[in-house]
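Bear in mind these aren't lab numbers, they're just calculated from the coordinates by the rules spelled out. What you see is a predicted model, and the numbers here were worked out from it, not measured in a lab. Glycine gets a Cβ as well: all are built from the backbone with ideal geometry, and neighbour counts include every protein chain shown.
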Amino acid sequence: MPEGDTIHAAARRVGAALVGKEIVSIEAPQPRHALDRWPDRLAGRPVQSVDAHGKHLFLRFGGNLTLHSHLRMGGMWGVYEQGRRWSRSPRRAWLVIRTPEHEIVEFDGPVLELMTESRTRFDLRLAALGPDILATELDEHRFLVRLREDDPTRGIGDALLDQRNIAGIGNVWKSEGCFDAGIDPWRKLAHTSDDEALRVLHGTRARMQESVSRGGHIRGPRVYDRAGRQCPRCNSRIRARGQGDDNRTTYWCPACQR
Ligand SMILES: [Zn+2]
């Protein structure tokens, strides 16, 4: 599943190809959007900015119209020079924007909606999002407030996945972040201090920022998807187990994460 680093990297690539460029055409090929008239509604409007918040991406057009996208489990954004072969089948394209130089394609992205700029501010789902872990200015205070409003018996690993607490962390970074900080992902929030929670947050942010600079690719996961292998810190065996209501797999080292 694409996490915040992947989406921020996509926002950079898509933004570089779209902002300030002539838009030749916009298509939403899926039948679900056949009646939405996006090509008409967006005709002649330039893309003013492209930004991300957590796992959400926003294409902001002139005239206060914003395309909001969330890739869910398997979507992706592709940016191709004109004439280059796409990396997925055209049948899987949900949005195709052409400029004189590029084709910008969203594949397999079931959440795609055109909304007014003001609705992006008042939309309940978007307003409920916690601070973005990759925001230029990280809002630590709001993260801690949200965390302390959460169920104190919840494990810190599970709480980090909750986009209302912090936006952008998915299953990979939940496990990696707790490992880097040496904190047991099963530790209850009630037994996790603010300093410890911030340690996880800062370490995760730094590695996600590094990933963004590499185009959204994590370098060498330390525990994620490494169950049964040796812990890179203490050589004990890494474990994996489902966590939380959604039973998302958490990877951790029971010997050096406390
Ligand atoms: Zn270890």
> What is the dipole size for the chain, taken about its Cα centre, with +1 at each Lys and Arg Cβ and -1 at each Asp and Glu Cβ, in debye to the nearest 20?
Replying inline: 780
>> Given the -39500 (n - 2.57) contribution per DSSP H run of 4+ residues, what per-residue ellipticity at 222 nm results for the chain, rounded to the nearest 500 deg cm²/dmol?
In response: -8500 deg cm²/dmol
> Lys/Arg Cβ at +1, Asp/Glu Cβ at -1, dipole of region 61-172 taken about the Cα centre: which of G83, A135, A159 is farthest positive-ward?
Replying inline: G83
> Taking other Cβ within 10 Å of each residue's Cβ, how do T99, T249, T136, T6 sort, fewest first?
Replying inline: T136, T249, T99, T6
>> Please check: in the Gaussian network model of the chain (C-alpha springs, under 10 Å), which one of I133, I169, I218 has the largest mean-square fluctuation.
In response: I218
> Using a Förster distance of 45 Å, how high is the FRET efficiency between A43 and S193, based on the Cβ-Cβ distance and rounded to 0.05?
Replying inline: 0.25
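Just order 146-158, 116-128, 57-69 by mean Cβ neighbour count inside 10 Å, highest at the front, would you? Mind showing how you got there, number by number?
On the way: 146-158: 17.5, 116-128: 12.1, 57-69: 19.4.
Descending mean neighbour count gives 57-69, 146-158, 116-128.
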> Charges only on Cβ, +1 for Lys and Arg, -1 for Asp and Glu: so what's the dipole of region 136-258 about the Cα centre, in debye to the nearest 20?
Replying inline: 640
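If you count, for each residue, the other Cβ atoms within 10 Å and average over each peptide, how do 28-35, 238-245 line up from highest to lowest?
Values: 28-35: 12.8, 238-245: 15.1.
Put in order of decreasing packing, that is 238-245, 28-35.
Would you mind classifying region 49-109 by shape? Square roots of the alpha carbon gyration tensor eigenvalues, ordered a ≥ b ≥ c; an a/c under 1.5 is rounded, otherwise it is prolate if a/b is larger than b/c and oblate if not. All intermediate terms of the calculation are to be shown ahead of the outcome.
Values: a/c = 2.22, a/b = 1.21, b/c = 1.83.
Taking the square roots of the gyration eigenvalues as a ≥ b ≥ c, region 49-109 is oblate.
Taking neighbour Cβ counts within 10 Å as the exposure measure, how do K174, K21, K188 sort from fewest upward?
Details: K174 28, K21 17, K188 14.
Placing the least packed residue first, the sequence is K188, K21, K174.
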> Which value, in Å³ per residue, describes the convex hull spanned by the Cα atoms of region 1-57?
Replying inline: 101
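Sort H53, H8, H202 by Cβ crowding within 10 Å, fewest neighbours at the top. Before the final figure, lay out each step's value.
On the way: H53 23, H8 26, H202 16.
Taking fewest neighbouring Cβ atoms as first place, the list is H202, H53, H8.
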>> What three numbers, in Å, describe the spread of the alpha carbons of region 1-145 along their principal axes, ordered from the longest?
In response: 48, 30, 29
>> Using the crude model of +1 on Lys and Arg Cβ and -1 on Asp and Glu Cβ, and no other charge, please compute the dipole size for region 46-136 relative to its Cα centre, in debye to 20.
In response: 280
>> In Å and on Cα atoms, what radius of gyration and Dmax does the chain show?
In response: 19.7, 60
